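The values are calculated or read from the model by the stated rules, or taken from the named source; none is laboratory data. None of these values were measured; they are calculated from a predicted model. Methodologically, a virtual Cβ is constructed for each residue, glycine included, from the backbone with ideal geometry; neighbour enumeration extends over all protein chains shown. For accessibility, only protein heavy atoms count, side chains too; no ligands or nucleic acids. Shrake-Rupley method; radii C 1.70, N 1.55, O 1.52, S 1.80 Å.
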Amino acid sequence: MSVNESPAGRQPTTTYDSPFMKACRREPVPHTPVWFMRQAGRSLPEYRKVREGVPMLESCMRPELVTEITLQPVRRHGVDAAIYFSDIVVPLKAIGLDLDIKPGVGPVVEQPVRTRADLARLRDLTPEDVSYVTEAIGLLTRELGSTPLIGFAGAPFTLASYLVEGGPSRTYENAKAMMYGDPELWADLLDRLADITAAFLKVQIEAGASAVQLFDSWVGALAPADYRRSVMPASVKVFEAVAGYGVPRIHFGVGTGELLKLMGEAGADVVGVDWRVPLDEAARRVGPGKALQGNLDPTVLFSSTEAVETKTREVLDAAAGLEGHVFNLGHGVMPSTDPDALTRLVEYVHTHTAR
């Protein structure tokens, strides 16, 4: 089923005809839809309040808390889509890997994956492993009504990078060493992670998510030839696994200007663009048949309202000729961002693009 077909019987028509969903399908919209990566999070005082004393991974496993956190930016900012509150390592934790999210550091894996024997620890993910996701999305879709919910997962390369490095990295030397030095092990690792990722996305879609985003946050560290050979097959597998649901599939990475065409070819309906490449140039690189998402530099929000509006107009002007455009930042909302700046930005985009 293509994204342009009505997914009869599963997707609520109330979200199907929303501006966000229409933009993803490259259909006419009443205004350019807006949502922000990391819109539910540390920039909101109400988020910090409900998360107080609750570890990150635990907060992802409490359906009522997930529901509240996911809804907070929808209430406050009036965004056109909610994104499910979770973390890319949740499915890895759910299959029994010993990992934790350490404040100020990020995901840390107790025993990194370095050998073929380590692959045995990556078992299949079942819906029962993440029953809290199904429950939370059920709660959310009832509350959200006509506002779409975006499900998400980490892409195989980014998950593999965390697993092989044992935590965040700036150079990915261990992951790249495996990719170059033991390509068969690397391919098997990414293939296993593709199955886990696809299963996680399927749970979210079947519970009621209207769209899904695959975050390949760190894939910008690769050259196009290495991406095509060593990463793209696993990403293709993920996108193909959920193609039959007919929900829009978004693909995003940071520093991926040289990879935009390939990321679209991997199976995305919408290609996310960071702030480094103007959207008109991104459209030329991606080619026809894809909507684009982006791409205001998140740091612009620390400037004056006038400066934010000027830079926002630049993004909207660059997007004027696109087949479909979802306004977003070029990466996630930074923790010290003024929430009111985000609210004003949503209102400005809606007003400036009203048709």
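If I ask for residues that are outside any helix (DSSP H, G or I) and in contact with a Pro (Cβ under 8 Å, 6 or more places away or on another chain), which ones from the range 296-328 would you list? Glu323, Val326, Phe327 - these are the residues of the range 296-328 that are outside any helix (DSSP H, G or I) and in contact with a Pro (Cβ under 8 Å, 6 or more places away or on another chain).
Just checking, which of Glu347, Glu314, Glu309 is among the charged types (D, E, K, R), open to solvent by 10 Å² or more (accessible area, probe 1.4 Å), modelled with pLDDT of 95 or more and within 30 Å of Gly287 (Cβ to Cβ)? Exactly one residue qualifies, and that residue is Glu314. Scan the range 270-286 for residues that are open to solvent by 20 Å² or more (accessible area, probe 1.4 Å) and part of a loop (DSSP other than H, G, I, E, B) and the total you get is 3. The number of residues in the range 80-94 being aliphatic (A, V, I, L, M), open to solvent by 10 Å² or more (accessible area, probe 1.4 Å) and either part of a loop (DSSP other than H, G, I, E, B) or farther than 21 Å from Thr32 by Cβ (or both) comes to 2.
Any residue that is open to solvent by 50 Å² or more (accessible area, probe 1.4 Å), in contact (Cβ under 8 Å) with a residue 40 or more places away in the chain and assigned to a loop (DSSP other than H, G, I, E, B) - is there at least one of those in the range 42-51? Taking every residue of the range 42-51 in turn, at least one turns out to be open to solvent by 50 Å² or more (accessible area, probe 1.4 Å), in contact (Cβ under 8 Å) with a residue 40 or more places away in the chain and assigned to a loop (DSSP other than H, G, I, E, B). Of the residues in the range 231-247, at least one is more than 29 Å from Ala136 (Cβ to Cβ) and either modelled with pLDDT under 95 or open to solvent by less than 30 Å² (accessible area, probe 1.4 Å) (or both).
Just one of the listed residues (Arg142, Arg76, Arg114) is among the charged types (D, E, K, R), assigned to a helix (DSSP H, G or I), touching a residue at least 40 places away in the same chain (Cβ under 8 Å) and open to solvent by 60 Å² or more (accessible area, probe 1.4 Å), and it is Arg76.
Hey, among Leu97, Leu71, Leu65, which residue is within 17 Å of Val164 (Cβ to Cβ) and surrounded by 14 or more Cβ atoms within 10 Å (Cβ to Cβ)? Explain how you work it out, then say what you get.
Details: Leu71 fails: within 17 Å of Val164 (Cβ to Cβ); Leu65 fails: within 17 Å of Val164 (Cβ to Cβ).
From the options Leu97, Leu71, Leu65, the qualifying one is Leu97.
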